[in-house]
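Inspection log for the structure reproduced underneath, given as structure tokens.
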Amino acid sequence: MSPGKPRQSGSRGQAGGRGSGSRGQSGRGAGPARRGGSGTTKRSQPTQPPRERTPRKEAVDVHDPDGVRLQKLLAAAGVGSRRTCENLIQEGRVQVDGSTVTELGVRIDPLKQVVHVDGERVQLDGSRIYLAFNKPYNVVSTMSDELGRPSVGDYVDQRKERLFHVGRLDYDTEGLLLLTNDGELANRLQHPSYGVTKTYVALVPGPIPRDLGKQLREGVELEDGPVSVDSFKVVDSQPGKAMVQVVLHEGRKHVVRRMLEAVGHPVESLVRTDVGPVKLGELRAGKLRPLTPREVAALYKAAGL
Ligand code: URA
């Protein structure tokens, strides 16, 4: 039994699926403009109290004449075809800096302005890189190693961008390590206050007592303070061995190994399968894959950005 091949559920869809929705027009701006107050109308409609105009930011607030057309940027970011993106804008599903934009002429600055589609952040800065890496066993989680051991940097040394690894895995832990040049996101994903969860699968000596999950959820005392898991389950068990899954939002060094050792189940091998909404999936050890726009959006959300 090895924790190296955890079963994953189906992968997330591409962001291009956004355009398939058939939400109708919001009605904003539809119909002729109404002029009120003249009292000269000939239409014999029942008198109604004047409708309060909903204050809303006009597109002009976000329009940057030197910018790039919004639908072009959305299409380039992988949200969908140019036509799909135009529909999304006209359907009122696109916000720029918090204002809904429904007109197609709007241009924005992709490096300064923040865009959401259906509430999900879209990264428009094409220079930003987001990669999932399956760190193999016996690789150091640094970009280079003074001792000459294999390091994460060896796997990305052909790339010209300066990438950061989001947190670390032990030399002898395999699994998901995110690499990016987006410093703000990387910092937040590592900061415990944002509570981004990490999921691990560990091979430990069995059998696992019934109340171990409760004990781990309630907390275990370690030398540098208590630790608790968000969830715990036994994934598989054989005589004398068990594969367990733990989810926690802690980043302390060797925390999973120390915690399981403290409860009498020292880790024999350890794999990280998820970081927040991103799953390792079928990515093989030593391989990289770009995150989908939807995964990036989900990471932004998890990190409160
Ligand atoms: N906890 C550990 O003990 N090791 C890791 O590599 C990651 C979390």
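FYI, it's all coordinate maths here, none of it is from the lab. Since we're looking at a predicted model, the values are computed, not measured. Counting neighbours? That spans all protein chains shown, and the Cβs are built from the backbone with ideal geometry, glycine included.
At a 10 Å Cβ-Cβ cut-off, how would you order Ser237, Ser127, fewest neighbours first? Intermediate results must be reported in sequence, preceding the final value.
Details: Ser237 15, Ser127 9.
Lowest count first: Ser127, Ser237.
To make sure I understand, if each residue's beta carbon is the centre and we count other beta carbons within 10 Å, what order do Val106, Val247 fall in, fewest to most?
Working: Val106 21, Val247 15.
The order, fewest Cβ neighbours first, is Val247, Val106.
Counting only pairs 8 or more places apart or on different chains, how many lysine pairs in the range 116-235 have C-alpha atoms closer than 26 Å? Please report the intermediate quantities before stating the final value.
On the way: Lys135/Lys160; Lys135/Lys198; Lys135/Lys233; Lys198/Lys214; Lys198/Lys233; Lys214/Lys233.
The number of close lysine pairs in the range 116-235 is 6.
Would you kindly state how much longer the chain becomes between Thr197 and Phe164 on full extension, computed as 0.36 nm times their sequence separation minus their alpha carbon distance, in nm to one decimal? If you can, show how the numbers build up before the last one.
On the way: separation 33, 0.36 × 33 = 11.88 nm, distance 1.90 nm.
My answer for the length gained is 10.0 nm.
Lys241: which aspartates and glutamates have alpha carbons under 13 Å from its alpha carbon, excluding same-chain residues fewer than 8 sequence positions away?
Within the straight-line limit of under 13 Å, Lys241 reaches these aspartates and glutamates: Glu268.
Starting from the alpha-carbon convex hull of the range 245-305, give the projected area averaged over all orientations, in nm².
Details: hull surface 21.6 nm².
With the hull built on Cα positions only, its mean projection is 5.4 nm².
Quick one: which residues, 5+ away or cross-chain, put their amide H under 5 Å from the amide H of Thr142? H built at 1.01 Å from N.
Val152, Gly153
Within the set of other residues whose C-beta is less than 13 Å from the C-beta of Gly183, count the net charge using Lys and Arg as +1 and Asp and Glu as -1. Walk me through the intermediate numbers first.
Details: positive: Arg128, Arg162, Arg188; negative: Asp125, Glu161, Asp182, Glu184.
With Lys, Arg at +1 and Asp, Glu at -1, the net is -1.
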